[in-house]
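The values are calculated or read from the model by the stated rules, or taken from the named source; none is laboratory data. Keep in mind it's a predicted model, so treat the numbers as computed, not measured. As a convention, Cβ positions derive from the backbone with ideal geometry for all residues, glycine included, and neighbour counts pool all protein chains shown. Side chains are part of the model used for accessible areas, which takes the heavy atoms of the whole protein and leaves out ligands, DNA and RNA. Shrake-Rupley method; radii C 1.70, N 1.55, O 1.52, S 1.80 Å.
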Amino acid sequence: MKSSITTLLLLFTIVLSHAQMRKWTLQECVEYAVENNLTIEQYELDLENAKIDKSDALGNLLPGLNGNSSVSSNTGFSINPTNNLPTNQTALNVNMGLSSNVTLFDGLRNIHQINRAKINAIANQYRLDDLKDDIRLSVANAYLQVLSNKEQLKTFRAQYAVTEQDLKRTKELVESGVVPRGDLLEIEATAATQQQQIVNGEGMVLISRVNLAQLLQITDYENFDIAEEEFLIPPSDILDNSAKVIFDKALSFRNDIKFSESNVELAKEDLKIARGAYYPTVSAFFQYGTRYSDVTQIPGGNGVPYTPNFTDQLWIFDGISYGAQLNIPIFNGWSTRNNVKRSQISLERAKLQFEQTKLDLETNIQQAYVDVSTFEKAYEAAEKTLEARRLAYEYAKERYDVGLMNAFDFSQAQARVDNAQADVIRTKYDYIFRLKILEFYFGLPISLN
């Protein structure tokens, strides 16, 4: 029994350890962020409200039906509800009825309200999808930043490992009298600088992980980390398309464009609704009512008055009324005219915003297109620089090993290699992110594969 419990505890510890050491991929981060973002949840509630508004608009076409009932007791002087004559006795009165009304014509405002509600629901869906697009890009950028900082940290540690070997060899040369002690101090200073770079690099990795975790609404920062993968420059033929081709395609599916266009359609419906107030309103009504009173008396079969019971009175005194009503607007202090003017201004503003949205999209695509080309060249140049710096470092190392170069010049050669490696890492991930932005505008999903 004791052995079984120990085994279960061990298995539980292993499972818990694996759960805490989960490494998140980019796809997992993107999906999790979209599913758990608080702003997205708020926009989803707005979408639900828009669907309810659509139901309200449809309901306005249906007749309204209401029931009413009242019970009263009169003591002293009152009017007999049967013969409308004054009376001075205690009476119990019950009134019940049903009423219904329906709008037959209101300048087609009820129809336009339905169209507006439908468009508004679609617009809210576009707004929600546009927010998801923005979050995907933000998560991808934060994810790549963690990768960049991790790769930079690996480089710092590798550089320090090389410097430790140089430091060991320099100590031997100093002890043997081949190089002066000042060279050893120079190498030690380089090692100290690299240790500081490692500490700073670890801090940058932690900060970038926290930033990514916050985007995902994850608070367990210590146990959050991304997959340990080394990403190469992904193959892409996106630059085979011109910026105009990418822009034209983006216009056909981008949610921000569709949302802005939907706002124009909403403004058009609002204008129609405002103009509908110029027209007369025609409505129909139907009412059914009945009553009971304990002082009611009607002639009986032998001519003697009597008070019918409750059920009989409900049938005896029931009645209906129905008809139509016409309301013609003549003057309302220019409120209708002003509302129409406001709607016209809102429509023009929505059209301008739509054009501005298209212009912003075109500007962003043009910038992204130039960035991809620029950062690709910058990355290629950084790689060439790194290769040249490494060759120069190897040559400097050979000279330093035989005493033809002092430690200061040698450390400078190594520093130039370090800087070149940092530039390669920075330009590499800058290029990957710009490439993914441009592909995203072209309709391709975010992926590092």
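A few comments on the model shown:
- So S138, is it farther than 22 Å from R390 by Cβ, among the hydroxyl-bearing types (S, T, Y) and modelled with pLDDT under 85: no
- Residue list for the range 275-315, restricted to those being within 30 Å of G107 (Cα to Cα) and polar (S, T, N, Q): T281, S283, Q287
- Failed item, numbered, when F354 is tested on (1) modelled with pLDDT under 95; (2) within 34 Å of the chain's Cα centre (by Cα): (1)
- S293 being surrounded by fewer than 17 Cβ atoms within 10 Å (Cβ to Cβ), among the polar types (S, T, N, Q) and either modelled with pLDDT of 95 or more or in contact with a Leu (Cβ under 9 Å, 6 or more places away or on another chain) (or both): no
- Residues satisfying the criterion are present in the range 384-397 (criterion: part of a helix (DSSP H, G or I), modelled with pLDDT under 85 and not β-branched (V, I, T)).
- Given (1) exposed (fewer than 14 other Cβ atoms within 10 Å of the Cβ); (2) assigned to a helix (DSSP H, G or I); (3) small (G, A, S), number of the condition A274 does not satisfy: (1)
- Meets criteria (on the phi < 0 side of the Ramachandran plot, open to solvent by 40 Å² or more (accessible area, probe 1.4 Å) and in contact (Cβ under 8 Å) with a residue 40 or more places away in the chain) for E383: yes
- Enumeration of residues in the range 70-83 that are within 17 Å of T290 (Cβ to Cβ) and open to solvent by 90 Å² or more (accessible area, probe 1.4 Å): V71
- Pairs meeting the criteria (first residue in the range 322-345 and farther than 22 Å from F285 by Cβ and in contact (Cβ under 8 Å) with a residue 60 or more places away in the chain, second residue of a type outside the set (K, R) and open to solvent by 100 Å² or more (accessible area, probe 1.4 Å), beta carbons under 7 Å, at least 6 apart or on different chains) are T336/Y278.
For (1) closer than 17 Å to N115 by Cβ; (2) open to solvent by 90 Å² or more (accessible area, probe 1.4 Å); (3) hydroxyl-bearing (S, T, Y), each residue gets a yes or a no:
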| position | (1), (2), (3) |
| --- | --- |
| I40 | no, no, no |
| Y43 | no, no, yes |
| L47 | no, no, no |
| K54 | yes, no, no |
| G59 | yes, no, no |
| N68 | no, no, no |
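- Hey, L239 out of contact with any helix residue (DSSP H, G or I) (no Cβ under 6 Å at 6 or more places or on another chain) and of a type outside the set (S, T, Y) or not: yes
- A192 fulfils the conditions (1) touching a strand residue (DSSP E or B) at 6+ places or on another chain (Cβ under 6 Å); (2) open to solvent by 20 Å² or more (accessible area, probe 1.4 Å) except for a single criterion, (1).
Here is a yes/no grid of residues against (1) in a helix (DSSP H, G or I); (2) at pLDDT 95 or above; (3) more than 23 Å from the chain's Cα centre (by Cα):
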site: I233; (1), (2), (3): no, no, yes
site: L239; (1), (2), (3): yes, no, yes
site: S262; (1), (2), (3): yes, yes, no
site: L266; (1), (2), (3): yes, yes, no
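- The set of residues in the range 298-316 that are open to solvent by 50 Å² or more (accessible area, probe 1.4 Å) and of a type outside the set (G, A, S) comprises P299, N302, V304, P305, Y306, T307, N309, F310, T311, D312, W315, I316.
- Only one entry of L314, L326, L359 meets the criterion of being in a helix (DSSP H, G or I) and more than 30 Å from N93 (Cβ to Cβ), and that entry is L359.
- Residue in the range 157-175 that is within 30 Å of C29 (Cα to Cα) and either in a helix (DSSP H, G or I) or open to solvent by less than 20 Å² (accessible area, probe 1.4 Å) (or both) present: yes
- Residue match in the range 88-100 (condition: under 22 Å from the mean Cα position of the chain (by Cα), in contact (Cβ under 8 Å) with a residue 60 or more places away in the chain, farther than 30 Å from K428 by Cβ and open to solvent by 70 Å² or more (accessible area, probe 1.4 Å)): no
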